[in-house]
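Here is the structure we will look at, set down as structure tokens.
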Protein chains: 2
Amino acid sequence: MTKAVWKYHINKLFEYSQSNPELKWQVTNCVALDLVNHGDSALENEGILGWQFDWREGSHDLIQVAKSLKLQGESIVIGHSMGGFQSLYSTLISPLMFKFVIAIEPVTHGDEMASVVFAKKMLPAVAGAICTEFANEQEYYKYMKQRSFYRNFHPQVFRDFVDSEKIVNPDGTVRTKTTKQIQMICYHAGLRIFPRGLELISMIERPVVFVAGERATWTPKSCVGEVRNALQHGEFYEVPNGEHLVNCEDPDAIIEIIQKSLTKYVKEKSDTRTSELIDRKKYNELFDENYSKLAAEFFERKSKI
Amino acid sequence: MTKAVWKYHINKLFEYSQSNPELKWQVTNCVALDLVNHGDSALENEGILGWQFDWREGSHDLIQVAKSLKLQGESIVIGHSMGGFQSLYSTLISPLMFKFVIAIEPVTHGDEMASVVFAKKMLPAVAGAICTEFANEQEYYKYMKQRSFYRNFHPQVFRDFVDSEKIVNPDGTVRTKTTKQIQMICYHAGLRIFPRGLELISMIERPVVFVAGERATWTPKSCVGEVRNALQHGEFYEVPNGEHLVNCEDPDAIIEIIQKSLTKYVKEKSDTRTSELIDRKKYNELFDENYSKLAAEFFERKSKI
């Protein structure tokens with residue numbers, strides 16, 4: 001899926017934040033990304049995308065975008081499915097970038113048998129189900145509403161997503177921004193992650209809010225348990241009746257979890273105004289104060305060990 | 001150290017490459033980086049650097065720079081000490097970016113006892129030895145030649161480094177671009193890496209040319225052996241009589257290893273000219289050809305497993 005599915009959540013989060021000024025946190029920026037080969041990024045990168053992909057590249061891009069924004073205050077990262085893994089992995093790349101992670105139905109790992117089942121059974125099934133080229137707009141909406149993976153989306157999320165993915169060609173035929181080929185390449189690339197995903201997860205130092213759908217089957221229940229055990233800090237939420245696409249099908253449940261988590265992990269209001277000029281004196285004082293603490297603890301000779 | 005120490009190697013590599021046109025590889029670009037808080041980067045970022053640092057941030061920056069260059073052909077990454085670790089770790093962030101890694105005396109890991117020794121003994125010793133502020137230029141050069149860690153550098157590397165680090169203040173006093181505080185912050189940040197460095201190393205999929213100095217003691221010999229065992233692919237070189245700063249003290253030995261490794265791992269000449277325009281037809285054919293292979297293997301229903 002693309003950044004369009006988060007529009008609903010973002011609007012609701014701003015509404016909630018602004019109508020509750022007494023909260024310890026306030027939302028000041030929400031940025032939703034299209035993966036390099038998805039949605040608007042796919043259009044932007046048409047003709048230069050590879051036929052191989054590594055999910056971890058998406059984590060890198062995420063960090064690159066986060067850095068480029070030069071945000072002040074505290075940032076968190078939220079992702080779903082492959083994006084859930086990419087959010088988690090981004091904290092290994094840049095451990096100080098995000099205060100915490102919300103990983104919704106992340107796809108993380110699987111043993112050798114799971115990889116075989118995925119490769120031999122799930123990939124062909126998905127390839128059989130995905131359609132991204134249509135005779136006309138009517139056919140496009142019909143497929144999306146009746147047969148696509150997105151058919152059970154919350155109505156607003158469905159409209160946001162389906163409208164944003166649609167490209168009407170000059171001859172009236174319709175295609176999606178994210179091609180079937182690219183989607184399949186991304187699914188297939190999961191096979192690179194499965195053998196070592198759990199090991200990667202176990203190295204995460206940031207708190208992780210791990211959200212699973214109660215009825216979701218895309219990720220086996222055993223994997224959910226293994227991830228819970230592997231995480232060092234954080235909470236687990238199970239959304240009642242939730243399926244794998246719970247972030248799009250029950251967005252209000254997800255929004256509630258985001259709000260709860262912000263309240264739990266954001267301890268004090270940050271000054272989120274971007275200062276036009278760096279206050280060099282204040283910086284120097286702050287640097288010296290903090291460096292002195294480090295020096296006193298580590299850099300001065302005290303006694304033999 | 002800074003990018004200045006690589007100038008000698010880069011010149012020699014270009015000379016060798018250009019005078020041996022029959023080689024399977026040719027050097028077309030060499031880029032040496034200053035870490036965010038070192039050398040010219042430190043000046044650029046004055047007043048905004050943190051009093052905490054995570055080595056892994058350097059790997060991210062490395063990848064960001066490599067991406068921004070949009071190089072064609074094959075790239076490799078070379079790093080020393082902390083930079084050795086950062087080069088290795090960069091392949092976990094972006095597994096397809098570099099063909100292989102040359103890690104010279106990388107600092108990778110240590111058990112709890114090693115961390116205690118490092119924190120209690122080595123950090124204060126290093127803090128006692130480093131000096132980055134001087135009464136005048138004469139004092140600067142005297143310290144650098146007689147007492148600094150750099151005193152045994154190859155003469156050309158020494159000049160390149162010491163000249164490039166020098167800042168003469170208006171009052172005639174001298175300071176280095178990389179402050180003592182920042183150097184200590186970077187040394188100290190090793191403590192974040194030691195507990196899990198070896199686990200990270202073991203996940204590297206790219207070939208690693210691992211270079212150690214025969215007489216080096218900064219990294220215990222037991223760690224060298226553990227890293228050798230943990231690496232999946234690659235070679236090990238021990239530079240005779242080499243110390244930890246072998247890349248600067250015996251640059252010709254390192255250059256020879258770089259040349260050998262390029263000959264081993266670069267299998268065919270790449271077209272390294274940057275194409276002004278993407279050949280869309282050629283791209284489409286190439287994409288379809290490669291996607292078809294993937295689809296035939298994975299996305300078509302064949303038989304039950």
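The values are calculated or read from the model by the stated rules, or taken from the named source; none is laboratory data. Remember, predicted model here, so these are calculated numbers, not experimental data. We place every Cβ from the backbone using ideal geometry, glycine too, and count neighbours over all the protein chains shown. With ligands, DNA and RNA removed, areas are computed over all heavy atoms of the protein, side chains included. Shrake-Rupley method; radii C 1.70, N 1.55, O 1.52, S 1.80 Å.
In region A:109-126, is there at least one residue being within 10 Å of the chain's Cα centre (by Cα), in contact (Cβ under 8 Å) with a residue 24 or more places away in the chain and crowded, with 20+ Cβ neighbours inside 10 Å?
Among the residues of region A:109-126, not one is within 10 Å of the chain's Cα centre (by Cα), in contact (Cβ under 8 Å) with a residue 24 or more places away in the chain and crowded, with 20+ Cβ neighbours inside 10 Å, which makes the answer no.
From A:96, A:92, A:88, which residue is open to solvent by 60 Å² or more (accessible area, probe 1.4 Å) and within 30 Å of residue A:266 (Cβ to Cβ)?
Numbers: A:92 fails: open to solvent by 60 Å² or more (accessible area, probe 1.4 Å); A:88 fails: open to solvent by 60 Å² or more (accessible area, probe 1.4 Å).
Within the list A:96, A:92, A:88, the selection yields A:96.
Looking at B:83, B:73, B:79, B:47, can you tell me which residue is surrounded by 14 or more Cβ atoms within 10 Å (Cβ to Cβ) and at positive phi? Talk me through it step by step, then tell me what you get.
Working: B:83 fails: at positive phi; B:79 fails: at positive phi; B:47 fails: surrounded by 14 or more Cβ atoms within 10 Å (Cβ to Cβ).
Testing whether each residue is surrounded by 14 or more Cβ atoms within 10 Å (Cβ to Cβ) and at positive phi leaves just B:73.
Give the residues of region B:140-163 that are assigned to a helix (DSSP H, G or I) and more than 19 Å from the chain's Cα centre (by Cα), sorted by residue number.
The answer is B:140, B:141, B:142, B:143, B:144, B:145, B:146, B:155, B:156, B:159, B:162, B:163.
Conditions (1) of a type in the set (Lys, Arg); (2) within 14 Å of chain A (Cβ to nearest Cβ); (3) within 20 Å of residue B:130 (Cα to Cα); (4) within 15 Å of the chain's Cα centre (by Cα), marked per residue:
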residue: B:12; (1), (2), (3), (4): yes, no, no, no
residue: B:40; (1), (2), (3), (4): no, no, yes, no
residue: B:53; (1), (2), (3), (4): no, yes, yes, no
residue: B:63; (1), (2), (3), (4): no, yes, no, yes
residue: B:74; (1), (2), (3), (4): no, no, no, no
residue: B:79; (1), (2), (3), (4): no, no, no, yes
residue: B:82; (1), (2), (3), (4): no, no, yes, yes
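What's the number of the only condition in (1) surrounded by 14 or more Cβ atoms within 10 Å (Cβ to Cβ); (2) without any contact (Cβ under 8 Å) to a residue 60 or more places away in the chain; (3) away from chain B (no Cβ under 13 Å); (4) part of a loop (DSSP other than H, G, I, E, B) that residue A:26 fails to meet?
(2)
Do you know which of the residues in region A:29-38 that are more than 13 Å from the chain's Cα centre (by Cα) and open to solvent by 30 Å² or more (accessible area, probe 1.4 Å) is nearest to residue A:177 (Cα to Cα)? So that I can check it myself, show each step before the final result.
The first filter runs over region A:29-38 and keeps only residues more than 13 Å from the chain's Cα centre (by Cα), leaving A:29, A:36-38.
Narrowing the set further to residues that are open to solvent by 30 Å² or more (accessible area, probe 1.4 Å) leaves A:29, A:36.
On the way: A:29: 26, A:36: 12 Å.
Applying the filter and picking the extreme gives A:36.
Could you give every pair whose Cβ atoms fall below 7 Å, whose first residue belongs to region A:1-12 and is closer than 15 Å to residue A:77 by Cα, and whose second residue is surrounded by fewer than 18 Cβ atoms within 10 Å (Cβ to Cβ), counting only separations of at least 6 or pairs across chains?
Taking only residues 6 or more apart or on different chains, the pairs are A:3/A:32; A:6/A:32; A:10/A:30; A:10/A:32.
Could you please give the count of residues in region A:148-177 that are open to solvent by 70 Å² or more (accessible area, probe 1.4 Å) and of a type in the set (Phe, Trp, Tyr)?
Qualifying residue count for the region: 1.
If you go through region A:40-94 one residue at a time, how many are at pLDDT 95 or above, of a type in the set (Val, Ile, Thr) and under 25 Å from residue B:294 (Cα atoms)?
Adding up the residues that qualify gives 0.
From the list B:293, B:302, pick out the single residue that is within 14 Å of chain A (Cβ to nearest Cβ), at pLDDT below 95, open to solvent by 40 Å² or more (accessible area, probe 1.4 Å) and in contact with a Phe, Trp or Tyr (Cβ under 9 Å, 6 or more places away or on another chain).
Answer to the selection: B:293.
Tell me which residues, restricted to region A:178-192, are more than 11 Å from every other protein chain (Cβ to nearest Cβ) and either open to solvent by 40 Å² or more (accessible area, probe 1.4 Å) or among the β-branched types (Val, Ile, Thr) (or both).
Scanning region A:178-192 gives a single hit, A:178.
Tally the residues that are away from chain B (no Cβ under 14 Å), within 22 Å of residue A:34 (Cα to Cα) and open to solvent by less than 30 Å² (accessible area, probe 1.4 Å), restricting the search to region A:127-147.
2
Picking from A:195, A:240, A:220, which residue would you name as being open to solvent by 60 Å² or more (accessible area, probe 1.4 Å), within 12 Å of another protein chain (Cβ to nearest Cβ) and not acidic (Asp, Glu)?
A:195
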